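The values are calculated or read from the model by the stated rules, or taken from the named source; none is laboratory data. Computed from a predicted structure; not experimentally measured. Cβ placement follows ideal geometry from the backbone for every residue including glycine, while neighbour counts extend to all protein chains displayed. Each accessible area value is taken on the protein alone, full model and side chains, heavy atoms only, with ligands, DNA and RNA left out. Shrake-Rupley method; radii C 1.70, N 1.55, O 1.52, S 1.80 Å.
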Amino acid sequence: MTSTTQPDAVQEWQEWREGRLAAVTGPHGPLALAGTHWLADHPDGRIAGLPGRWTVPADAAAVLLEAGPEDGLTVDGAPAAGAYRLDQDAGPAAARVGHGARRLVVLRREGLWAVRDFDPDAPARRAFAGIDAYPYEERWVRPGLFRPYGERRTVQVANADGQERGFVLGGELAFTLDGDEHTLQVAVEPDGSLWAVLADATSGTDSYRFRFLRPPAPAADGTVPVDLNRTQLPPCAFADHFICPFPPPGNTLPFALRAGERNALVR
């Protein structure tokens, strides 16, 4: 018997694909990231291509921006003139500092401060030609079970920039495929949703070298749908200036996951 839910599921997946494309190609989406500048590499506070002077005060609790009218910067929508203490931004949409159409996002990782330059005219955005994805298949939608750890664990994993950083894991996500159980170590986001960084037998050949999966928050009993059709490319697949974590130990699936996003296409 043909499933009556299949057309709806395919339509929802298509809508998810369209939403992903819109987010990636937006004027301040991942493709617009033109640079990540670690302030420790610029002790004088001067960053090539970025107006103003960006320093970290002695308390290291914020970033200090000093700018004048000649710099052409805005802070909170008004022309910058003076000194400003800046906390970490939630993302480009919430960035306090702008320079024309650019958004200068303050970032903190493991105690180190950086400024990210999101430029709608970034080369990667101009060269982008789409996201290649595998066709939707119902077999990749699996019932899952989240098994939280007694306390969160931090593991050191390599990142796309060649550095190792701590990755905080909250539990494991289990699902079955063709009669075999598979597990992924996952982080738990502030809203309760899950985040897995994974590889599989296609990674680096038929698909990007690793990918993300973001299931919703589990129910009270730990059950959670696992839709592998929504496996997605990490931000570093779109721009070289992201510091995406690689999969933690044990997160390489022993089968070819021909589902979800495969690669970013360029002209």
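For the range 196-244, just the Cα set please: Rg and Dmax, both in angstrom.
My reading of the Cα-based Rg and Dmax gives 12.9, 40 Å.
Take the Cα radius of gyration of the range 1-98 and divide it by 2.2 N^0.38 Å, with N its residue count; two decimals is plenty.
Details: Rg = 20.5 Å, N = 98, 2.2 N^0.38 = 12.6 Å.
The reported ratio for this selection is 1.64.
Order R125, R211, R116 by their accessible area, 1.4 angstrom probe, all chains in place, largest first. Intermediate results must be reported in sequence, preceding the final value.
Details: R125 75, R211 0, R116 25 Å².
Reading off the accessible areas and sorting them downward yields R125, R116, R211.
Starting from 0.36 nm per residue, how many nanometres of slack lie between A9 and R108 once their C-alpha separation is accounted for?
The A9-R108 span can extend by a further 31.8 nm.
Measure nothing fancy, just the Cα-based angle from helix 6-25's long axis to the longest principal axis of the chain, in degrees from 0 to 90, nearest 10.
Result, in degrees: 20.
With a point put 7 Å past each Cα toward its Cβ, work out how far A94 is from W38 in nm, to one decimal.
Output for this residue pair reads 2.4 nm.
When a/c is below 1.5 the answer is rounded, else prolate if a/b is larger than b/c, else oblate, so apply that to the range 84-172 with a ≥ b ≥ c taken from the square roots of the Cα gyration tensor eigenvalues.
On the way: a/c = 2.33, a/b = 1.27, b/c = 1.84.
Cα axes put the range 84-172 in the oblate bin.
Express in Å², to the nearest 10, the accessible area of F238 obtained by rolling a 1.4 Å probe over the protein heavy atoms while all chains stay in place.
Answer for F238: close to 20 Å² accessible.
Between the range 213-267 and the range 51-67, what's the alpha-carbon centroid distance in Å?
Result: 35 Å between the Cα centres.
Quick one: length gained pulling A81 to D180 fully straight, 0.36 nm per residue minus the C-alpha distance? Intermediate values should be presented prior to the final figure.
Working: separation 99, 0.36 × 99 = 35.64 nm, distance 6.20 nm.
Computed gain between A81 and D180 is 29.4 nm.
Which one of W113, G166, T205 has its Cα pushed farthest toward the positive end of the charge dipole of the range 98-206, where Lys and Arg give +1 and Asp and Glu give -1 at the Cβ?
Result: W113, furthest along the dipole toward the positive end.
Calculate one ³J(HN,Hα) per residue across the range 37-47 by plugging θ = phi - 60° into the Karplus curve 6.51 cos²θ - 1.76 cosθ + 1.60, and present them in order as whole Hz with x for glycine and proline.
10, 7, 5, 4, 7, 10, x, 8, x, 9, 10
Classify the chain: rounded, prolate or oblate, from the alpha-carbon gyration tensor (a ≥ b ≥ c, eigenvalue square roots; a/c under 1.5 rounded; otherwise prolate if a/b is larger than b/c)?
prolate
Hand me the GluC sites (Glu not before Pro) from the range 131-217 located in a DSSP loop with no more than 15 other Cβ atoms within 10 Å, in residue order please. Write out the running numbers ahead of the final one.
Working: sites: E137, E138, E151, E164, E172, E181; in loops: E137.
When the GluC sites (Glu not before Pro) of the range 131-217 are filtered for loop state and at most 15 Cβ neighbours within 10 Å, E137 remain.
Which residues' amide hydrogens lie under 5 Å from the amide hydrogen of L169, considering only partners 5 or more residues apart or on another chain, with H built in the peptide plane?
Amide H neighbours of L169: R153, T154, V155.
Might you report the magnitude of the Cβ-based charge dipole of the chain about its Cα centre, with Lys and Arg at +1 and Asp and Glu at -1, to the nearest 20 debye? Spell out each step's value before the answer.
Numbers: 26 positive and 35 negative charges, 68 e Å.
I would put it at about 320 debye.
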